[in-house]
Structure formats: C-alpha cells, structure tokens
1. Using θ = phi - 60° and the Karplus curve 6.51 cos²θ - 1.76 cosθ + 1.60, what whole-Hz ³J(HN,Hα) does each residue of segment 104-115 get, with Gly and Pro shown as x?
2. Assuming R0 = 60 Å, what is the FRET efficiency of HIS167 and VAL37, from their Cβ-Cβ distance, to the nearest 0.05?
3. Let me know the shape class of segment 41-91, please: from the alpha-carbon gyration tensor, a ≥ b ≥ c as square roots of the eigenvalues, rounded when a/c is under 1.5, otherwise prolate if a/b is greater than b/c, or oblate.
4. Roughly how many Å² of SER282 are accessible to a 1.4 Å probe, to the nearest 10?
5. How much net charge surrounds LYS104 when only the other residues with a Cβ under 9 Å from the Cβ of LYS104 are counted, with Lys and Arg +1 and Asp and Glu -1?
6. If ligands, DNA and RNA are left out, what is the accessible area of GLU392 with a 1.4 Å probe, given in Å² to the nearest 10?
7. Among the listed pairs LYS205/LYS273; LYS175/LYS205; LYS245/LYS386; LYS175/LYS273, which are separated by more than 27 Å between their Cα atoms?
8. Pairwise over distinct Cα atoms, reciprocal of the mean inverse distance: report the Kirkwood radius of segment 121-183 in Å, one decimal place.
Amino acid sequence: MNSTLFPSIREPETLPTIDTTSGAPPMLSNTPEEEMVRGIWMAWYECNVTVLSQPYPTDGGLYCNSTFDGWDCWNYTSAGTRIYHDCPTFLRHKYGLPSGPAFKDCRVDGTWLTHPDTGRTWTNYTPCASNKETLQRVISIYYSGYAVSIILSIAAILIFSYFRQLHCSRVTLHKHLFITYVLSGAAWILMFALMDMPDMVKENKPWCQALHVLTQYLTLCNYFWMFCEGFYLHALIVFAFTSDKRLLVICYVIGWVGPLIPTTVYAAVRGSKPELRHGCWSSTTDENWILTGPVVLSLLVNFLFLLNILRILLSKLRAVNSNEAHQSSILIPLLGLQYFVIPFQPDTPSPIYDIISAVLTSYQGVLVALFFCFCNGEVINVVRRKWKLMRERLGSVDMKRSNTFNVSLLETTYVPRATSGNGSFNRKSEEGSSSAKDCDDMCRTDPFAMPYTPVERNDLDSGEV
C-alpha cells in the first residue's frame, strides 16, 4: 500500500471542530477539497449516531470494535473475516470513479489489521484510487492525439497555401477546418496541463474559467466547420448554380459566429450557479448539454446531407465534383462519433470506454488531414509534379537540354523550320494543361499555367527543341 496515496488514519477528534448540536452539516463552498471535508464530517456524524453509540455484541463471539477510520464507518465485525464497503463518494473528486469496494480485515484475535509501515489500523482503499492509473493513460492519449492532429493540420494548411493550383473555395473550407483543429487542440492541451496543477485549480481564478469557456468555444467551432463542409458540398451538388462567394460568407458566419451563441448561454447559466463555479469549471454538469446539443444536431443534419448526396450521385442526375463529393459526404458525418456514444456510457467505470472516447475525440484531426490532404489524389499529383520539377532543376537535365538544343540547330540545314516573329524557336506548354486537369476535380476553377511561354510550332518540326 502506497502511503502517499492515502493519508494516515485519523481519529474523530482530528476532524474540524464544528458545533454539532444543531445536527446540521457545516456550510462550506463547493471546491473539491471542501466537498471532501464536508463528506468526511457527514460520514463521521452519521457513524457516531448509528454505529459508535451501539454496545459490544453480547452473543459471546469475538469481534473487532466498531471504528471510524477517518473516511468511513465500520461496524463490529466477527474475528477472522473481511468486511466490504462501497468507496466514499467524496473520494471521487480526487481519485475519480472507483474500480471496486474498499475493505477492512478483522484478524482472528479480534483486532483490526494494521499497516506494516505505520503500525496503525488500516483500511484498504486501493480500489477507490486504482482508476487514477487509467485516468493518466487516458490523458496521455489525449495529449498525443491532439499533438499529432496539430502537427498534421499545420502541415496541411501550409500545403494548401503554398500551391496556387489548390487555391479555391473548397480548399478554403478545408483550411478553416484545420485551423479549428489547431486552436482547439492547443486549448485542450492547456486545459489538461492546468488540471495537473491542483493549486491553480483550487484558486479558481477568472482567467482559468475563461480558458475553459474559450476551449468550449473552439471545440464548437471545430464541429460547426464540419457542418460547413457538409453544407457547402450539399449546396454545390443540389443547387448547381449557387455562388461560391455567397456560400463562403454563410460558412464564415456559421463556423465562427454561430458557436458564440451556445457558448455565451452556457457561460451565463453556469456562472449564475455558485455550486458550479469551482475548480475552473472542469467538472461535467447537466449544463454541458447546452454545448453538446448543437454538436449532435449538426452531425445529424450532416447525416441527412449524406443521404441526399448519395441519392443524387447514385441516380446520376448530376456529376459535379462527384469523386470528392462521394468521399467527403461519407467522412464528414462519421466525425464526432464520441457524441453518439455518450448516452451509452456505462454506469460502472470502464477503461475501454474511456480509451475509445479519447481516441475518437483527439485523433479526429489526424483522420481529416490524411483524408483531405495527404491521401488526396489531386494534392499528391501537385506535390509530385513540384518535386519532379525541383529534381530536374537540381540535376543534369539542364545540360542535356542544352546539348539537345545545339543538335537541333544543326538539323535546320536539312529540315525547314518556322520561326516566330522575333526569329526564335518556341514550344507549347504541356504543364499547364496537366496541372489544370489534376486540380479540376478539387477546385473546379480555371487552370493555372506553369511558367512556360505558349507559342506556335510548325507541323514540319518533329524534333526536340
């Protein structure tokens, strides 16, 4: 038993000295530490009334005496037996949900088992805190998931911003979605780091509460921009002549302004209740449905968009952007699945449930970055072409082209060649058409020409320039 996890056994007289004549519990504010003190006081008071005041059994058997160990009350127990109690509820503020009941051993000589280090009567509360290890594992998953999501999202933003061939309304939506992954992921990492500093959580300063509200706002922005992806795609397919600029303005309002409404309502409602203002607002309350409700609604609407898009694509009534439309319409409704498993959270602690929920929540940015950027065919073709061009410039291709050009000049003695107005030989650009083809599926905009000069070429010229 690790003595650092559980305090030394306290006798009743070491508890706070409070007037008990009225029979009312002490009036304390609802910080986790003070709620724990309040719970201990109430348990001790009840133990004095119901157990400690009872006489020793007179049936002739050997019993361990009734006792209050500082956290819980234990009745007379037959020698050589083990007695189980549910973990005190006030321990959950510090150690989370228990994995099993606490227990206490009455030895065969009628005395309670003592701790080998302290020599004092000892109760095994290990199952009440064993969930702490699982909690740390879950938090580690959140840290890693948000960190990887931030890195990949930043990389995707840089790729979309660097290549002009990818500049279009559709990609603009992608970039805003990635921005929300970066901001919300960073905010959640700060929140988890703050939870590891109990002193700051106990102080419950305004900036700490503001960080909680900001984190909730950025999380809502993330899901609202997921909704914008589905909304834009649905409008593009169903209403073929809709203006891209008008759709972008609508998405800007939905994605950045829309989350302000539920966030403001949530902050106002929770801030108006003193019992919910402790611990940097980190505890989950019924008021959280003010935030999760709009998220679930947006996911349901996106699912309806999916059904309608698939109906149109399967009937082949319209084929606008069909490849990406089919893929995106499937991906967007699948995001946010953790909100659909919330109602099915088990009553008893479940490490499997907590780990699955952590993975679904924190690694969403990774999935979106892989789908929209790193595994996207148009993006891969553009990057591959740029890489090939850079290799040609750094290699010996320039020397080969120079030699080929000199040979072609000698051939002009035998093959008539047409010249341009200034007497120079020219060639048509092939890169521009190829780039336009690759970008057409993603952007549906006019192609951007590569840096070659388009000119005429004579039909008699069959050699390389």
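The values are calculated or read from the model by the stated rules, or taken from the named source; none is laboratory data. The structure displayed is predicted, hence computed values, not measured ones. Note: ideal-geometry Cβ built from the backbone for every residue, glycine included; neighbour counts use all protein chains shown. For accessibility, only protein heavy atoms count, side chains too; no ligands or nucleic acids. Shrake-Rupley method; radii C 1.70, N 1.55, O 1.52, S 1.80 Å.
1. Whole-Hz 3J(HN,Hα) from phi for segment 104-115: 9, 9, 9, 6, 5, 8, x, 10, 6, 5, 10, 6.
2. Calculated value: 0.50.
3. oblate
4. Approximately 60 Å² of SER282 is accessible to the 1.4 Å probe.
5. Value of the local net charge: -2.
6. Estimated to the nearest 10 Å², GLU392 gives 50 Å².
7. Flagged as over cut-off: LYS175/LYS205; LYS245/LYS386; LYS175/LYS273.
8. Details: mean 1/r = 0.0682 Å⁻¹.
Averaging 1/r across every pair of different Cα atoms and inverting gives 14.7 Å.
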